[in-house]
Amino acid sequence: MGERMKLALIGFGVVGQGLARILLDKADELRNEQQFTGEIVAVATRSRGTLYQPNGLSIPKLLDAIGRGSLNQYPDEARLARNQDILTLIRECSADAVVECTHTDFQSGQPAADYCAAALESGKHVVLANKGPVAVAYAELRALAAKTGKRLLFEATVMAGTPCIRLAQTALAGCRIEEARGILNGTTNYILTQMEGGLSYADALADAQRLGYAEADPTADVSGRDAVGKLLILSQALFNRKLTIDQVAMTGITGITPADIEAARAAGERYKLIARVSREGCSVRPERIPTSDPLAAVSGATNAITYQTDLLGPVTLVGAGAGGIQTGFGLLADLLALPQ
Ligand code: HSE
């Protein structure tokens, strides 16, 4: 592959643009310090066009085009192909790695799971920010990756670029993780924090949407479904155990009132949407936790996870949980980990 890695970005919303922005802004640093050059050869969206340029697309022109509403605003040039069928584009493009960051569907994992399968079958590595395929079809995709000799990496699906998957699978290898317990949804933690400061639920949610933390449909965040989806991924990654979304006890934050938050504060506690997973199963629900708990100090869109381990006891990781650049970094970290 050499030091130039050709990329196909499937989905070009907040996260895809975040990765593109990093590749542009840190191009010199990545080349000089990591011997890495990411070259975007294809970008596909479901409603705003597709582009394929085997010679490499211009990132400034891509960002400008999407900022004006559609990839069709990208200027004409020799060898540029537009508006192809996405599966065909994935199979036939010259990318080394497909970066999947379309919208998440926790029920079917589609259409992203098919995109990932097409990429692996056509000899491309897959790196995901999209949670759906990992939550729903991880075993099948991992088997396909093993069969085709390609990698399937998904650090960006949980806690954005904060390396909770790599910490568990690499740095903590040899420890037995008994349980993971954390704040895994940035939008709800942001809303709860803002409500503690006196903002209304509706205004706090609108801010979270404006800041790019929330899902396209924020119901997934506030209902707890997004955090459940992340637990399904952790269940696979930590315990090799597949759960479905219907098997998880889930309560979101929509029932939390300003009076509840004030009552917790008066008792020296904070409301947090706590997600837990172990070999026995998982749950998501709002809990009042004492301020002495490391998770209580986690504010705004920040996420945190505590791994309860046999050899070290609790190990807590705190960091960004949402946002275009923050999640884009998770994708970059996986791209840097691919064989070159
Ligand atoms: N909507 C998600 C969150 C984005 O708020 O945490 C990151 O998965």
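The values are calculated or read from the model by the stated rules, or taken from the named source; none is laboratory data. This structure is a prediction, so every number in the text was calculated from the model and none was measured. Note: ideal-geometry Cβ built from the backbone for every residue, glycine included; neighbour counts use all protein chains shown. Quick note on the areas: whole protein, heavy atoms, side chains included, nothing else; ligands and nucleic acids left out. Shrake-Rupley method; radii C 1.70, N 1.55, O 1.52, S 1.80 Å.
Each residue in the range 98-127 was checked for being more than 22 Å from LEU243 (Cβ to Cβ) and among the aromatic types (Phe, Trp, Tyr), and 1 of them qualify.
In this structure, is VAL315 open to solvent by less than 20 Å² (accessible area, probe 1.4 Å) and at pLDDT 95 or above?
no
Assessment of the range 218-225 against the conditions (buried (at least 18 other Cβ atoms within 10 Å of the Cβ), outside any helix (DSSP H, G or I), within 15 Å of the ligand (Cβ to nearest atom) and over 19 Å from the mean Cα position of the chain (by Cα)) yields no matching residue. Looking only at residues of the range 267-293 that are farther than 14 Å from ILE183 by Cα and not charged (D, E, K, R), we find that the one that is surrounded by the most Cβ atoms within 10 Å (Cβ to Cβ) is SER278. When only residues in the range 208-217 that are within 11 Å of the ligand (Cβ to nearest atom) and more than 26 Å from ALA168 (Cα to Cα) count, which is surrounded by the most Cβ atoms within 10 Å (Cβ to Cβ)? Ranking the qualifying residues of the range 208-217, first place goes to ALA208. Entry remark, the range 159-207: residues being touching a Gly at 6+ places or on another chain (Cβ under 6 Å) and crowded, with 23+ Cβ neighbours inside 10 Å number 6 in total.
Checked across the range 244-253, the condition of being surrounded by 21 or more Cβ atoms within 10 Å (Cβ to Cβ) and closer than 11 Å to ILE183 by Cα holds for no residue.
Out of THR157, THR162, THR170, THR188, report the one residue that is more than 16 Å from the ligand (Cβ to nearest atom) and of a type outside the set (D, E, K, R).
Going through THR157, THR162, THR170, THR188 in turn, the sole match is THR170.
Collect the residues in the range 303-321 that are assigned to a strand (DSSP E or B) and more than 16 Å from the ligand (Cβ to nearest atom), keeping them in residue-number order. Selection gives THR306, TYR307, GLN308, THR309, GLY313, PRO314, VAL315, THR316.
From the list ALA139, ALA156, ALA145, ALA118, which residue is open to solvent by less than 10 Å² (accessible area, probe 1.4 Å), touching a residue at least 40 places away in the same chain (Cβ under 8 Å) and not charged (D, E, K, R)? On inspection, the qualifying residue turns out to be ALA156.
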